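I have placed the structure first, in the form of structure tokens, so that the comments after it can refer back to it.
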Amino acid sequence: MLRPVPRGDNAQTVRATLGLRQLLFEGEIAPGERLVELALVERLGVSRTPLRLALTTLEHEGLVESLPGGGFAVRTFSRTEVDDAIEVRGVLEGTAARFAAERLESPTEVRELHEIVSQLDEIVHDASPEAIVAYVELNEAFHAELVRLSKSEIVAREIVRVMAFPFASPAALLASHVQLSQREILLVAQHQHHALAEAIEAGHGTRAEEIAREHARISKRSLDLALERREILDALPGGSLLNVGAFEI
């Protein structure tokens with residue numbers, strides 16, 4: 001049973017949470033390994049109370065699990081769990097898209113979304129490292145703007161929560177497209193960006209929701225491709241947390 005998240009939103013707690021999450025996603029702590037408080041306190045440069053708050057936060061995010069005898073261990077994830085997280089993200093972003101279309105008060109509200117799509121058009125065919133970084137940043141901006149247009153704090157909060165799960169965020173597998181020479185996936189995604197912005201501006205809520213949900217499912221195909229090349233998977237944030245033996249392609 002998950003314990004409630006204690007209150008304690010201070011700088012040390014934020015630093016402990018971000019630092020610990022980074023250690024997990026970079027594979028610095030092995031899956032299944034017990035988390036030793038004293039070692040983590042020294043490593044992260046925080047006191048015990050913020051660390052415990054961080055551990056409880058990551059337990060709620062599903063990244064660590066409590067042990068019967070006390071303490072926490074790093075979790076591993078099956079393909080089903082990752083697929084479920086991606087699907088939930090799609091449902092939430094689909095809801096955000098529908099809300100955005102239904103709650104739109106003026107076409108000028110979609111101006112920023114269209115501007116981001118135009119900037120993505122300029123670099124989607126560019127395979128340079130600089131363009132890849134720019135694409136990732138603009139893609140994140142697109143998804144953030146979609147959530148903002150939904151005008152729903154509840155949806156925004158739940159999207160942040162599900163995207164803490166390995167490979168659930170829109171940016172999690174973008175770099176692998178280039179490494180795997182699968183740029184056509186980026187082109188499909190960019191086509192969906194256009195369609196989504198247009199559906200929202202037209203006030204077509206159902207259409208916008210369908211596009212957003214399908215857009216999220218691209219991540220499943222991207223993961224299939226990454227799983228075929230273990231060296232690429234290991235280089236992706238969170239790759240070490242995946243139980244590859246439980247994945248069926």
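Counting only whole DSSP H helices of the chain, the ones at least 15 Å long by C-alpha along their axis and with mean Kyte-Doolittle hydropathy no lower than 0.0 are 11-25, 129-150, 183-202.
For the chain, the Cα-based Rg and Dmax, in that order, read 19.1, 57 Å. From helices alone, the chain scores -21000 deg cm²/dmol at 222 nm; the rule is -39500 (n - 2.57) for each run of n ≥ 4 DSSP H residues, then divide by the residue total.
Here R111 and R157 are evaluated by their C-beta separation; at R0 = 22 Å the FRET efficiency comes out at 0.30.
Taking other residues whose beta carbon is less than 10 angstrom from the beta carbon of R148, and scoring Lys, Arg as +1 and Asp, Glu as -1, yields -2. Just to verify a number: what accessible area does H204 come out at with the full protein assembly present, 1.4 Å probe, Å² rounded to tens? It works out to around 100 Å². Contact order for the range 1-148, expressed relative to its length and based on alpha carbon pairs under 8 Å spaced 6+ residues apart, stands at 20 percent. In the chain, the portion of solvent-accessible area held by carbon and sulfur atoms comes to 52 percent [1.4 Å probe, whole percent, DNA, RNA and ligands not counted]. Relative to the globular-protein estimate of 2.2 N^0.38 Å, the Cα radius of gyration of the range 1-137 stands at 1.40.
Excluding ligands, DNA and RNA, the accessible surface per residue across the range 1-154 is 52 Å² with a 1.4 Å probe.
Charge tally for G19 (other residues, Cβ to Cβ under 11 Å; Lys, Arg +1; Asp, Glu -1): +1.
In percent, rounded to a whole number, the relative contact order of the chain is 28, using alpha-carbon pairs under 8 Å and six or more apart.
Of the Cα atoms belonging to the range 62-175, the radius of gyration and Dmax stand at 17.1, 57 Å.
The values are calculated or read from the model by the stated rules, or taken from the named source; none is laboratory data. In this text, all values refer to a predicted model and were calculated from it rather than measured experimentally. Note that we place each Cβ from the backbone using ideal geometry, even for glycine, and neighbour counts take in every protein chain shown. What goes into the accessible areas is simple: the full protein's heavy atoms, side chains included, and nothing from ligands, DNA or RNA. Shrake-Rupley method; radii C 1.70, N 1.55, O 1.52, S 1.80 Å.
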